[in-house]
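One structure is given below, encoded as structure tokens.
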Amino acid sequence: MPATPRQPARPVRLPTDGGSRHPTGAARLAAVLVLALGGVTACTGLDQAGAAGIADEALVSEAADRVAAADALTWTTTYRLAGGATARVVRAQSPSRVAYSWPSGSLISTPDAVTRCDGSGGKAVCTATSPDADQTIPASTGLITPSAILDMLEVAAIDPGVEVVPRETTIAGRYASCLKFGAGFEVCVTGEGTVAAFTGTVQGTPVEMLLTDYSSGTDEADFTVPPDAHLDDRRPA
């Protein structure tokens with residue numbers, strides 16, 4: 001479903017210097033932006049107010065705030081991927097869990113395990129590893145995780161050549177604010193902080209996902225290995 005902008009876009013230049021990696025989420029990005037802004041004022045002699053007007057870092061930090069805050073909520077999202085396939089991302093609390101599913105597989109992260117399932121061969125084969133195992137998802141799935149989006153926002157925020165174009169729109173009946181980072185990528189985030197849309201290249205692979213449904217509940221089945229799947233439990237004894 002095509003998105004319809006509500007207001008004209010306006011280009012904004014991001015900070016052009018400084019920055020290092022910090023803890024995850026919006027706090028990490030905010031620290032990078034503060035350092036970047038400080039680098040600009042120190043090197044050019046611009047006063048703080050003038051530099052802030054050029055950088056307008058609030059656009060990026062607000063998007064990061066929303067994405068990071070969504071980790072503390074409970075929700076289920078359904079996406080249409082490039083080519084028309086469907087994927088789901090589900091987040092639950094008490095305990096904190098997240099599940100990603102796409103046409104050929106899934107990843108389930110709970111306090112007990114990180115479980116990856118591959119259903120490309122017909123019957124699903126699932127591998128359970130320790131709960132602190134890698135939770136990245138290959139770009140070939142057509143999905144990108146909120147954590148990966150936060151990383152991309154951080155990198156874009158300190159890129160000297162990046163121009164940001166914001167817009168507001170409605171996706172799947174929900175308000176969303178979008179940021180387009182030059183020719184790199186565009187991300188749209190709902191008021192709740194869930195990713196409403198993403199278009200860009202990840203790990204050299206084009207990724208395009210669009211929200212088609214959002215609900216504030218979850219289904220326990222999303223966090224459960226399919227009953228007919230073969231489970232290879234590789235967790236330490």
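The values are calculated or read from the model by the stated rules, or taken from the named source; none is laboratory data. All of these numbers come straight from a predicted model, not from anything done at the bench. Cβ sites come from the backbone with ideal geometry, for glycine too, and all protein chains shown count toward neighbours. Note: accessible area is taken over every heavy atom of the protein model, side chains too, but ligands, DNA and RNA are not part of it. Shrake-Rupley method; radii C 1.70, N 1.55, O 1.52, S 1.80 Å.
Which residue is most open to solvent (accessible area, probe 1.4 Å), if the candidates are limited to segment 87-116 and must be without any contact (Cβ under 8 Å) to a residue 40 or more places away in the chain and closer than 22 Å to residue 212 by Cβ?
Among residues in segment 87-116 that are without any contact (Cβ under 8 Å) to a residue 40 or more places away in the chain and closer than 22 Å to residue 212 by Cβ, the one most open to solvent (accessible area, probe 1.4 Å) is 103.
For the condition within 26 Å of residue 180 (Cα to Cα) and open to solvent by 20 Å² or more (accessible area, probe 1.4 Å), what is the one hit in 147, 120?
Result: 147 is the single residue among 147, 120 that is within 26 Å of residue 180 (Cα to Cα) and open to solvent by 20 Å² or more (accessible area, probe 1.4 Å).
State whether the residues of segment 61-69 include one that is surrounded by fewer than 18 Cβ atoms within 10 Å (Cβ to Cβ), in contact with a His (Cβ under 6 Å, 6 or more places away or on another chain), in a helix (DSSP H, G or I) and modelled with pLDDT under 95.
For segment 61-69, residues surrounded by fewer than 18 Cβ atoms within 10 Å (Cβ to Cβ), in contact with a His (Cβ under 6 Å, 6 or more places away or on another chain), in a helix (DSSP H, G or I) and modelled with pLDDT under 95: absent.
Hey, among the residues in segment 175-205 that are modelled with pLDDT of 95 or more and open to solvent by 60 Å² or more (accessible area, probe 1.4 Å), which one's nearest to residue 149 (Cα to Cα)?
199
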